[in-house]
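Since the structure comes first, as structure tokens, the remarks are kept for the end.
The values are calculated or read from the model by the stated rules, or taken from the named source; none is laboratory data. The structure displayed is predicted, hence computed values, not measured ones. Using ideal geometry, Cβ is built from the backbone for each residue, glycine included, and neighbour counts are taken over all protein chains shown.
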Amino acid sequence: MRIKAAVTHEQGAPYVIEEVELAPPKKDEMLVRIVASGVCHTDDVARNQMIPVPLPAVFGHEGAGIVEEVGSEVTEFKVGDRVGISYGYCGKCRNCMTAHPNACIHLNEINFGGVQPDGTTRLSLPDGTPLSTFFGQSSFATYAVVNEKSAVKVEYDDIDLALVAPMGCGIQTGAGAVLNRLKPPFGSTIAVFGCGTVGMSAIMAAKIANCSKIIAVGGNPASLELAKEFGATHTVNRKEVDDVAAVIHEITDGGCDFAIDTTGTETFVKKALASVGYYGTAVVLGATGDVTINIQQELMGDAKSLIGIIEGDAISKLFIPKLLEYYKKGMFPFDRIVKFYPFEQINEAVADSGAGKCIKAILRME
């Protein structure tokens, strides 16, 4: 079928909305009419080829929409279901089978290799040129074909489906890192570097987890004030403080128990690691390049841990409904960080996100 999609033809090139061909779903797949898609930093990382997704491609990996067709072996969904869409995984490897699909051994090839789990793509240009699929969905489009494993049924009819879109990656990444992986004991202390979507989600989750001190680190005063409303007990403006780690050590009387970096920069990964005390854990959530540390002085000597967490260590079908339940109860007000844009303004949405003019941009396709 002929659909509209935002196509990336060359490294770093602006998105171009054009007509492309979408093949029908296979036996374990569904055709979803995309209602909205979140704009995530990972899309930009791939567009700029820090993660080398084959081009041309259709990016977008935080989709939400309505099921319009199901394959012959799809059992969980029916036509008309409201769904959010998350990352792809094989469902068969040892990590998937032990409830860690976020660490699927085929994760990179399925999500960044330009193909669906079966190794093929559903997208092409009108002349037949294949287009890479992203995260098994390519939701910067009016329709997407997705494997039923990647979809999450939205049971709440009174929640704007567009709000569900960013839960598929950025929001579950931040919240899941805290609630699924770190599981901070009651009264723990935590510092969050970066007050974007992932960071704000982590701060909200830390409040749910009853952390005693939640320290937001950022450079935008307005975002830091908003972080307080979400649960931050302290804020540190990185532009006004020479030694962020020293300030955090002072606030926590010796270093925090956990620190999360969402910026993906070497400097702040090192500062997050320096901020935790003995036996503390620092977490990297953003796509990050080379980081140089002295193992004895910065890590092993204080019995610290430095870990990476993918997709919030979340089983999306279980975790996203839980986050929506928290949202309904007023405990996870993520709707306050979003700004909506029409699909046609995708390049403006990306630019505003990069410039800090909005925290979470969401494209509405209709």
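Values as computed for the structure displayed
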quantity: Boolean, A191 is surrounded by 18 or more Cβ atoms within 10 Å (Cβ to Cβ) and not in a helix (DSSP H, G or I); calculated: yes
quantity: Extreme residue, nearest to S188 (Cα to Cα), among residues of segment 244-279 that are of a type outside the set (V, I, T) and in contact with a Gly (Cβ under 6 Å, 6 or more places away or on another chain); calculated: D257
quantity: Scan of segment 148-169 for residues that are within 14 Å of A361 (Cα to Cα) and touching a Lys or Arg at 6+ places or on another chain (Cβ under 7 Å), ordered by number; calculated: A162, P166
quantity: One residue from K4, K27 being among the basic types (K, R), surrounded by fewer than 21 Cβ atoms within 10 Å (Cβ to Cβ), within 25 Å of L318 (Cβ to Cβ) and at pLDDT 95 or above; calculated: K27
quantity: Failed condition for E298, given (1) crowded, with 18+ Cβ neighbours inside 10 Å; (2) of a type outside the set (S, T, N, Q); (3) farther than 21 Å from I203 by Cα; (4) modelled with pLDDT under 95; calculated: (1)
quantity: Some residue of segment 93-105 being part of a loop (DSSP other than H, G, I, E, B), free of Cβ contacts under 8 Å to residues at least 40 places away in the same chain and within 21 Å of the chain's Cα centre (by Cα); calculated: yes
quantity: Any chance A57 is under 16 Å from R33 (Cα atoms) and either at pLDDT 95 or above or hydroxyl-bearing (S, T, Y) (or both); calculated: no
quantity: Condition check for G80: without any contact (Cβ under 8 Å) to a residue 40 or more places away in the chain and within 16 Å of K153 (Cβ to Cβ); calculated: yes
